[in-house]
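Below is one structure, written out as structure tokens; the observations come after it.
The values are calculated or read from the model by the stated rules, or taken from the named source; none is laboratory data. Worth saying up front: this structure is predicted, and the values here are computed from it rather than measured. We place every Cβ from the backbone using ideal geometry, glycine too, and count neighbours over all the protein chains shown.
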Amino acid sequence: MTIQTLVWLIPLPPLLAFGLIVLLTHRRRKLSHGLAIGSAGVSWLASMLVIIQALRMPKLAQTPIVSDIAWLPLANDPIRIGILVDPLTVVTLFFVSWTVLMIFIYSVGYHNFGQPDGEHDRPGLPPKGAHITDANGQAQHVPSVEPMYSRFFALISLFAFGMYLLVVTDNLLTLYIGWEVMGLCSYLLIGFWYAKPSARDAGMKAFLTTRIGDVFMLLGLAALYQVTGTLNFRATLANPAVLGELAAATSPVLGLSWAGLIAILLFIGTIGKSAQFPLHVWLPDAMEGPTPVSAMIHAATMVSAGVYLMVRFFPLLTAGWQPGEALTPAMQVVATIGTFTAIFAAVIALGQNDIKRVLAYSTISQLGFMLAAVGVGSFVAAAFHLVTHAFFKALLFLGSGSVIHGMEHGVMHTGEHLDPQDMRNMGGLRRTMPLTFWTFLAGGMALAGFPLVTAGFWSKDEILAGAFNGGNWVVFVTLAVAALLTAFYTMRLITLTFLGQPRTTAAGHAQESRREMTLPLAVLAFFSVTLGWVGIPQDFPLIGGILPNWLDEFLGGMLLTHGEAALHHSNIPLWTSLIVALGGLTLGWLAYRRQAAGQVDILERGLGPVYSLIQNKFYVDELYSLVFIRPAVWVSETLVAKWIDLGILDGILHGIANFGLWLGRQLLRWIDLLVITNTGNAVASGTGKFGGWLRRFHTGRIQQYMVMAMFLLILTGVLFYALVLV
Amino acid sequence: MQWISEHLLTLILFLPTAGAVVLLFLPSRNLKLLRYTALTASLLSFILSLAVWAGFRGGLTGFQFEEQVAWYSVVNATYHLGVDGISLALVLLTTFLTPLAILTSFNITDRVKAYMILFLLLETGMLGVFLSLDLLLFFVFWEVGLVPMYFLINQWGGTRRNYASLKFILFTMGGSLGLLLATQMIGVVVGSYDLPVLFERWTAITEGSLFGLPVETVKTITFWAFVVAFAVKVPIFPMHTWLPDAHTEAPTAGSMILAGVLLKLGAYGFLRLVLPLFPQESYQYAGWLALLGALSIIMGGLGAFGQDDFKRLVAYSSINHMGFVVLGIAAAARAIGSTTAVMAVNGAVLQMLMHGLSSAGMFFLVGVLYDRTHTRDLKEFGGLYATLPVYGTILLFVSMASLGLPGLGGFVAEFQVVVGSWQVFPLATAVSMLGLFFTGAYVLKAIKKVLTGPFNEKWTGKLNEITARELVVIIPPMILLLLTGLLPSWIMELINQAVSRWFLS
């Protein structure tokens, strides 16, 4: 089998698993998860083989693995689709294949495989647990298996297909297909417990919010096709001549270059998919879905896809720009949105008490970091953080799922009525859930950027360095503050959840999760720590140069104008990274280490009304509802459906019809009745009278008839003579 | 045998009529016999159209399987049939959907004989439009199709059937008045109704005067007469208000055919007659057509989102989707002679097919639900997914096809229309994106109200899962929608070759 064939095959196993589960095995739980995990395993294996093979190729950036087929007939020259493995594909494929496989395995435990069916469970609602009698004859309330177990595995398989497709494809059209397939799956998975109105609405919100971005992205796709005549990545992005033309040609919109316009249109797609301000609102609500879904959406797949798109189109976004120069308008847009989102979401995360919501806002914020890096021209830094973030955020989400599971166990045990996701109800879980604690700690430290030993430190440091060295002061300072807040809320999260004493009885009775759940945590924790070491800058004090900065060379080779501002001219960004990470962690620990049950949050005491603003996410949802959603409903229900269609258009129509009826009636009255009827009557009565007159001749006497015949004969003869013969 | 192979199109066209005649002599009590006879007649027509497809040569120019005999020799009108890639695709759509619609109608128990006869006559009417290569013959079939549909709505329709059927027939006939006059005028001027002749001779008349008016004026008037007739049928905003009523009140199978095929007659009219006969005028007024197409997309989307009646929602979605067909045609009219035009029309034709499948599927699924609940009010449903998992999954699939989800056929069509028309009418295309957004909104609204949310306890124990007969109806279109989404070339080769010939040179 050639390497090309192998790449083609990567996305297919999960698709096959999806089809088989839906059609055949949806009633058999074990077979369903076996198919799903098996297919993810095959894709993982194929990915690893491809990655190993690709790493052996010396000039992968210049001569990547490619292969394509004709897909859509068009005039004489069909549109082709195919696969592409270049350095960016390699690193993306690496984190996608690992995280997907881990999430699949974790899901088995999360959905309580092997547990009894709940008596009151029904499809569409989260399982409520089952009552059983154990070996000792004691009644117990234990977790019950998910009623829609197979459905879940079918959907995440389709989701995995979408992501693999997006990663290995060589053109924007198939990327868009994968992008949208994931959109559908995220809609179905966020709304997995569809009978719950909140979950249902969250799914819909996710789909529609991202669709706003998608329709702009479709225009970007059309524009790209218009000016280049192709959607193939390499034909455009690896072609300096085309890029130069695109940068030089002015588009009709706002004086942007075509390169800038297309990049911005595609970026709007990213704003939706990667939940950037102002389309970030769907992601926190997406927490309604089961936790493995959150991990898939927030780490391994969907939100990463948005950043991946921007990293992929980096050459287009930066066309005509040289490192050190002022940013192009399109880059400014990306940098501004990314930076603002980074700090905006970090601030909101401070005020959340739901463990998953903190992580959700943290994701939005971290994606902002990556996009800010793209915007300031730090290609490698953005890709680096994308990879490390995928691992540690998947870890954190899965870890939070483990925490919630443990808490639910405690809640079932004690029978308390409390929210198992609220961190205020937790505390001291490090003792009852040690494995979860240590892995979560690794992930949390990576998120906070704990120096040297976590992957997050290296990638975040590179972003800060990129912003600093490019002279983008505002971006640098804002991101530094955001990084401080990140460390702070991360420590708040860890302290409230794991440290101190249990604040509820349920927390005291929490139980460590099953091995299917803790094993993936351990694997992800491993990468969250070690992965940073592939990208240690050469000139890093003391340890720089011990390990080669492999990542920079590998990914940087893709850039046509190598020499982005990755070289450290100064140690300021490094010191900043150290200070914000350690400072934020320390402050977070100091602030929350003594948090007692029922005590008001220290920030709430300090910030007062500002805190409620934060807690309510700056009322963005409420604003959108008022400005967009309600008007849209009014326009469609009242203006279009009632007023325009039924009122005006049908009104005109009925007007014409009524005019016709009226005209008919008038005609009937004035023409028919007056003229025609009278005429008709006149004719009728005239005929009658004429007949009556004629009757006088019909006497029945033969003599009279003879006389009349003679008379007529003579008359005819005379007339004939006079008219014809004369 | 040879006679059959030489008269395949005639057989396809009149087999349904023959079936109708046979039905006339069957006992009206034997429902099973009536139903299966009708099904057989329509299936035979389908099989023969597959034979035509198999024998169709992609590389050839012009029409194939032509038949021509004298018909109305006084005015030089002939019985002239023939197909190219575009019309063959639509013939296949018609003969594919009609058996499915008849199978859907197996649950009709009231006056089955009359119903089936009308349905078969309807099929002949529709096929005649796609097969005619004579303008007068085209017009005759155009009008013939209306009558059975009128009676189907009027006799087997919902509560407002009288209003809806009258509105349907008056609106369409009113729109066709100009078409009739224009047809006669062209016939008189050229001395022939034969389309291949008209394509050359009518377009060659560019100077001088006709009936005391400059040629340009006459042509412009004729052009608009054609446009109005076809625009009503498509329908294009603001001539669309007959559609929600007719679709909603028609029996399920009637709605399937209305949305699946009848609307395509209008779009086909644009492609077969308006653009080839009036290239100048089409070019000149393409902007207006694009504007109306964009408006249809937006107003259709908004209108659908504003409905609480499931069937009406689906009906409005047709306006939304057919807007893309119009947009593609408008772009091609302006960009004729370029790859862009080919792309736009490829998209438009594929959109006709895919909308035919998905809208027929949607109406069918609404019908399935209505058969069980006797309501179409979205507020009455809720949480049905748990009770009807198979139905729910199918509804999701077809809804997503209708939404234009990538991976299913509708997307391939919309993608081509959007990319094609963006290059010609960027503003209209950009504005249409608003309608595309609302496509998502109304589809999700329907799913939200029907499948998800808390279960409406009213339906406990009253809903049966989708039956085997119903699965036989819905699965074939689903397969085609998926196939087209993954490997569109199976049908796009046929379309592309024909479109390239018309629009590239």
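Do we find a residue being surrounded by fewer than 24 Cβ atoms within 10 Å (Cβ to Cβ), not in a helix (DSSP H, G or I) and not acidic (Asp, Glu) anywhere in the range A:327-350? There is at least one residue in the range A:327-350 that is surrounded by fewer than 24 Cβ atoms within 10 Å (Cβ to Cβ), not in a helix (DSSP H, G or I) and not acidic (Asp, Glu).
Entry remark, the range A:477-514: residues being part of a helix (DSSP H, G or I) and farther than 20 Å from residue A:585 by Cα number 4 in total.
Here the range A:507-548 is the region considered, the condition is being hydrophobic (A, V, I, L, M, F, W, C) and out of contact with any helix residue (DSSP H, G or I) (no Cβ under 8 Å at 6 or more places or on another chain), and the residue that is surrounded by the most Cβ atoms within 10 Å (Cβ to Cβ) is A:526. All conditions but one from (1) surrounded by 24 or more Cβ atoms within 10 Å (Cβ to Cβ); (2) without any contact (Cβ under 8 Å) to a residue 40 or more places away in the chain apply to residue A:426; the one that does not is (2).
Rundown of residues vs (1) exposed (fewer than 12 other Cβ atoms within 10 Å of the Cβ); (2) at the interface with chain B (Cβ under 10 Å from one of its Cβ atoms), yes/no style:
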{"residue": "A:633", "(1), (2)": "no, yes"}
{"residue": "A:640", "(1), (2)": "no, yes"}
{"residue": "A:644", "(1), (2)": "no, yes"}
{"residue": "A:655", "(1), (2)": "yes, no"}
{"residue": "A:663", "(1), (2)": "yes, no"}
{"residue": "A:667", "(1), (2)": "no, no"}
{"residue": "A:670", "(1), (2)": "yes, no"}
{"residue": "A:673", "(1), (2)": "yes, no"}
{"residue": "A:677", "(1), (2)": "no, no"}
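Among residues of the range A:1-25 that are farther than 13 Å from residue A:156 by Cα, those with a Cβ under 6 angstrom from a residue that is β-branched (Val, Ile, Thr) and not in a loop (DSSP other than H, G, I, E, B), sequence gap 6+ or separate chain, pair up as A:3/A:65; A:6/A:50; A:7/A:50; A:7/A:83; A:7/A:85; A:7/A:168; A:8/A:83; A:10/A:168.
Yes/no per residue for (1) among the acidic types (Asp, Glu); (2) modelled with pLDDT of 90 or more; (3) outside any loop (DSSP other than H, G, I, E, B); (4) over 30 Å from residue A:518 (Cβ atoms):
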site: A:15; (1), (2), (3), (4): no, yes, yes, no
site: A:19; (1), (2), (3), (4): no, yes, yes, yes
site: A:37; (1), (2), (3), (4): no, yes, yes, no
site: A:77; (1), (2), (3), (4): yes, no, no, yes
site: A:92; (1), (2), (3), (4): no, yes, yes, no
site: A:101; (1), (2), (3), (4): no, yes, yes, no
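Which residue is nearest to residue A:456 (Cα to Cα), if the candidates are limited to the range A:577-624 and must be among the polar types (S, T, N, Q) and surrounded by fewer than 17 Cβ atoms within 10 Å (Cβ to Cβ)?
Checked the range A:577-624; the qualifying residue nearest to residue A:456 (Cα to Cα) is A:586.
Take residue B:270 and tell me if it is touching a helix residue (DSSP H, G or I) at 6+ places or on another chain (Cβ under 7 Å) and within 13 Å of chain A (Cβ to nearest Cβ). So residue B:270 fails the test. The requirement of being buried (at least 22 other Cβ atoms within 10 Å of the Cβ) and within 14 Å of another protein chain (Cβ to nearest Cβ) is fulfilled somewhere in the range A:140-147, by at least one residue.
The residues in the range B:82-119 that are more than 16 Å from the chain's Cα centre (by Cα), of a type in the set (A, V, I, L, M) and assigned to a helix (DSSP H, G or I) can be counted, and the count is 7.
(1) β-branched (Val, Ile, Thr); (2) surrounded by fewer than 24 Cβ atoms within 10 Å (Cβ to Cβ); (3) assigned to a helix (DSSP H, G or I): which one isn't true of residue A:439, the others all being true? Condition (2) is where residue A:439 drops out.
Could you count how many residues in the range A:485-506 are of a type in the set (Gly, Ala, Ser), modelled with pLDDT of 85 or more and surrounded by fewer than 24 Cβ atoms within 10 Å (Cβ to Cβ)? First the steps, then the outcome.
Initially, the range A:485-506 is screened for residues of a type in the set (Gly, Ala, Ser), giving A:487, A:500, A:506.
Filter once more, so that each one left must be modelled with pLDDT of 85 or more: A:487.
Okay, now just the ones that are also surrounded by fewer than 24 Cβ atoms within 10 Å (Cβ to Cβ), so none.
Of the residues in that region, 0 qualify.
Among residues belonging to the range A:119-139 that are touching a His at 6+ places or on another chain (Cβ under 7 Å) and not in a loop (DSSP other than H, G, I, E, B), point out the one that is surrounded by the fewest Cβ atoms within 10 Å (Cβ to Cβ).
Going through the qualifying residues, I end up with A:139.
The set of residues from the range B:27-63 being under 21 Å from residue B:81 (Cβ atoms), outside any helix (DSSP H, G or I) and free of Cβ contacts under 8 Å to residues at least 24 places away in the same chain comprises B:57, B:60.
Conditions tested, residue by residue: (1) touching a residue at least 60 places away in the same chain (Cβ under 8 Å); (2) in the same structural domain as residue B:181 (by TED's automatic domain parsing); (3) over 14 Å from residue B:326 (Cβ atoms); (4) not hydrophobic (A, V, I, L, M, F, W, C).
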{"site": "B:214", "(1), (2), (3), (4)": "no, yes, yes, yes"}
{"site": "B:218", "(1), (2), (3), (4)": "no, yes, yes, no"}
{"site": "B:222", "(1), (2), (3), (4)": "no, yes, yes, yes"}
{"site": "B:232", "(1), (2), (3), (4)": "yes, yes, no, no"}
{"site": "B:242", "(1), (2), (3), (4)": "yes, yes, yes, no"}
{"site": "B:248", "(1), (2), (3), (4)": "yes, yes, yes, yes"}
{"site": "B:252", "(1), (2), (3), (4)": "yes, yes, yes, yes"}
{"site": "B:256", "(1), (2), (3), (4)": "yes, yes, yes, no"}
{"site": "B:259", "(1), (2), (3), (4)": "yes, yes, yes, no"}
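Under the condition of being within 11 Å of another protein chain (Cβ to nearest Cβ) and of a type in the set (S, T, N, Q), which residue from the range B:288-344 is farthest from residue B:399 (Cα to Cα)? Across the range B:288-344, the extreme among qualifying residues is B:338.
In the set (1) more than 9 Å from chain A (Cβ to nearest Cβ); (2) at pLDDT below 90, residue B:362 fails one condition alone, (2). Is one or more of the residues making up the range B:292-308 out of contact with any helix residue (DSSP H, G or I) (no Cβ under 6 Å at 6 or more places or on another chain), acidic (Asp, Glu) and assigned by TED's automatic domain parsing to the domain that holds residue B:486? No, the range B:292-308 contains no residue that is out of contact with any helix residue (DSSP H, G or I) (no Cβ under 6 Å at 6 or more places or on another chain), acidic (Asp, Glu) and assigned by TED's automatic domain parsing to the domain that holds residue B:486. Criterion first (buried (at least 24 other Cβ atoms within 10 Å of the Cβ) and of a type outside the set (Val, Ile, Thr)) does residue B:324 satisfy it? It is true that residue B:324 is buried (at least 24 other Cβ atoms within 10 Å of the Cβ) and of a type outside the set (Val, Ile, Thr).
Would you call residue A:209 modelled with pLDDT of 90 or more and in the same structural domain as residue A:303 (by TED's automatic domain parsing)?
yes
Of the residues making up the range B:472-497, those that are more than 11 Å from chain A (Cβ to nearest Cβ) and touching a residue at least 12 places away in the same chain (Cβ under 8 Å) are B:472, B:473, B:474, B:476, B:477, B:478, B:480, B:481, B:483. You will find that of B:254, B:306, the residue that is at pLDDT below 90 and crowded, with 24+ Cβ neighbours inside 10 Å is B:306 and no other. Residues that are part of a loop (DSSP other than H, G, I, E, B) and among the hydrophobic types (A, V, I, L, M, F, W, C) within the range B:430-474 comprise B:451, B:455, B:463, B:466, listed in sequence order. Residues in the range B:408-452 that are at the interface with chain A (Cβ under 8 Å from one of its Cβ atoms), among the hydrophobic types (A, V, I, L, M, F, W, C), without any contact (Cβ under 8 Å) to a residue 60 or more places away in the chain and under 16 Å from residue B:395 (Cα atoms): B:444 only. The criterion of at least 2 residues that are within 12 Å of chain B (Cβ to nearest Cβ) and crowded, with 23+ Cβ neighbours inside 10 Å is met by the following helices (runs of 4 or more DSSP H) wholly inside the range A:171-272: A:172-190, A:197-228. Restricting to the range A:528-557, count the residues that are among the hydrophobic types (A, V, I, L, M, F, W, C) and in a helix (DSSP H, G or I). Of the residues in that region, 8 qualify.
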